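Trainee: Pasting a structure here, questions to come.
Bear in mind that the values in this text are calculations on the coordinates, not laboratory data. Just so we're clear, the structure is a prediction, and the values are computed from it rather than from any experiment. Glycine also receives a Cβ, built like all others from the backbone with ideal geometry; neighbour counts cover every protein chain displayed.
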Protein chains: 2
Amino acid sequence: MSKMHKERTLTKNQQIIFDLIDKSPEPLKAYSILFNVQKKGINAPLQVYRALDKLVEIGKIHKIESRNAFIACHNSSCQVAKATAFSICEICEKVTEISSAGLSKYLANFKDKDGMKYSKYNLEFFGLCKKCNTR
Amino acid sequence: MSKMHKERTLTKNQQIIFDLIDKSPEPLKAYSILFNVQKKGINAPLQVYRALDKLVEIGKIHKIESRNAFIACHNSSCQVAKATAFSICEICEKVTEISSAGLSKYLANFKDKDGMKYSKYNLEFFGLCKKCNTR
DNA sequence: AACACTGTGTAATAATATAACATTAATATA
DNA sequence: TATATTAATGTTATATTATTACACAGTGTT
Ligand SMILES: [Zn+2]
Ligand SMILES: [Zn+2]
Ligand SMILES: [Zn+2]
Ligand SMILES: [Zn+2]
């Protein structure tokens, strides 16, 4: 029930591009995606960007804004791309989606002094991953 | 004493570009900056990007990653671009730097389950500003 | 002087993203 | 079923954002 929003049938292009991103161990960039799916008949940047836009919109993937790259969502608690948090290693560029009930609760309830209420946020943490930290 | 890190003498190009950003009511994009400083002898994108990079590095400006735009820092508590938070109106695109001791304390101390410690973060909230919300 | 370091100027190019238009597929609803 | 509507596709061209490469100038140090 809780993940119902993600059970949408993808179109052909969306499925091809999602599969590629989903099986990638690292975030993928649009033109790298384009290069990889040309053998499947997707020839133009716009075809990639349209699929990416839709996949982001429905929460199947997220955009890592500081890297202009896309990662599949493996976090059942992140509702349709409305609340995202990532850790990014500044050496090896490994990106991990953060799944913390405390963090999302804190941010979802955060109100600034103007009383502006937010419908969405994106948080990117930077540092060294465990591996890179011990070298 | 607390803002010592920002008291650096800017070079000519850095000063020109900082002044432009600092007096702008909205985030500026690199090529819009370029257009605006051509009368001052800055002719090429690279001259703009070099100044922007340095200004970001020393914390005089911040990059709004989701908008590829730059805003001057007016927040004495944000130490050299290591910890930034913004609110962004999805209608009028107004951007405000958030200055909340509670938020920065929470995020600075946040540790994920891997125990990865972060040296830096960037947070962007999206919603409607007061003005746009009441229309 | 020799060196390192930082910044500048210029040209060329790479990388990221969108506009415009024609067509086709899927869905709704009358 | 017909038809209207919406969503997705294919293609070309173009706009926007950012970097590479190279030559040179200023400043401080040894
Ligand atoms: Zn997610
Ligand atoms: Zn790493
Ligand atoms: Zn700031
Ligand atoms: Zn607004």
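Trainee: Run the simple label-point estimate for A:Phe35 and B:Glu26 please: 7 Å along Cα→C-beta, distance reported in nm.
Mentor: 3.6 nm
Trainee: Next question, about the same structure. Report, in debye and to the nearest 20, how large the dipole of the stretch A:12-133 comes out about its Cα centre when Lys and Arg carry +1 and Asp and Glu carry -1 on their Cβ. Walk me through the numbers on the way to the answer.
Mentor: Working: 19 positive and 12 negative charges, 48 e Å.
Its charge dipole is roughly 240 debye.
Trainee: Would you count, across the stretch B:2-91, every pair of lysines whose alpha carbons are under 13 angstrom apart, provided the pair is eight or more residues apart or spans two chains?
Mentor: Close lysine pairs found across the stretch B:2-91: 10.
Trainee: Run through the other copies and list how far each one's label point is from that of B:Phe126, in nm with one decimal, shortest first; the point sits 7 Å from Cα along Cα-Cβ.
Mentor: Copy-to-copy label distances for B:Phe126: 2.1 nm.
Trainee: Between rounded, prolate and oblate, where does the protein assembly as shown land on the alpha carbon gyration tensor, with a ≥ b ≥ c its root eigenvalues, rounded for a/c under 1.5, else prolate if a/b exceeds b/c?
Mentor: On the way: a/c = 1.58, a/b = 1.33, b/c = 1.18.
Prolate.
Trainee: Under a point-charge model restricted to the Cβ atoms of Lys and Arg (+1) and Asp and Glu (-1), what is the dipole moment magnitude of the protein assembly as shown relative to its Cα centre, in debye to the nearest 20?
Mentor: Working: 46 positive and 26 negative charges, 9 e Å.
The calculated dipole for the protein assembly as shown is roughly 40 debye.
Trainee: Okay, moving on. Between A:Lys111 and A:Lys12, what length comes free when the chain is fully extended (0.36 nm per residue of separation minus the Cα-Cα distance, one decimal in nm)? Don't jump to the answer; show the numbers that get you there.
Mentor: Numbers: separation 99, 0.36 × 99 = 35.64 nm, distance 4.08 nm.
Taking A:Lys111 through A:Lys12 to full extension adds about 31.6 nm, to one decimal.
Trainee: If each label sits 7 angstrom from Cα along the C-beta direction, how far apart, in nm, is A:Cys92 from its counterparts in the other copies?
Mentor: Listed shortest first, these distances are 4.6 nm.
Trainee: Using every pair of alpha-carbon atoms in the stretch A:22-117, split the distances into 10 Å bins beginning at 0 and state the percent of pairs per bin, rounded to integers.
Mentor: Computed distribution, short to long bins: 14, 40, 31, 12, 3, 0.
Trainee: If I build a Gaussian network model for chain A, linking alpha-carbon pairs within less than 10 angstrom, which residue out of A:Ile91, A:Ile33, A:Ile21 has the largest mean-square fluctuation?
Mentor: Greatest mean-square fluctuation among the candidates belongs to A:Ile91.
Trainee: Quick one: among A:Thr96, A:Thr84, A:Thr11, which has the greatest mean-square fluctuation in a GNM of chain A with alpha-carbon springs under 10 angstrom?
Mentor: Looking only at A:Thr96, A:Thr84, A:Thr11, the largest GNM fluctuation is found for A:Thr11.
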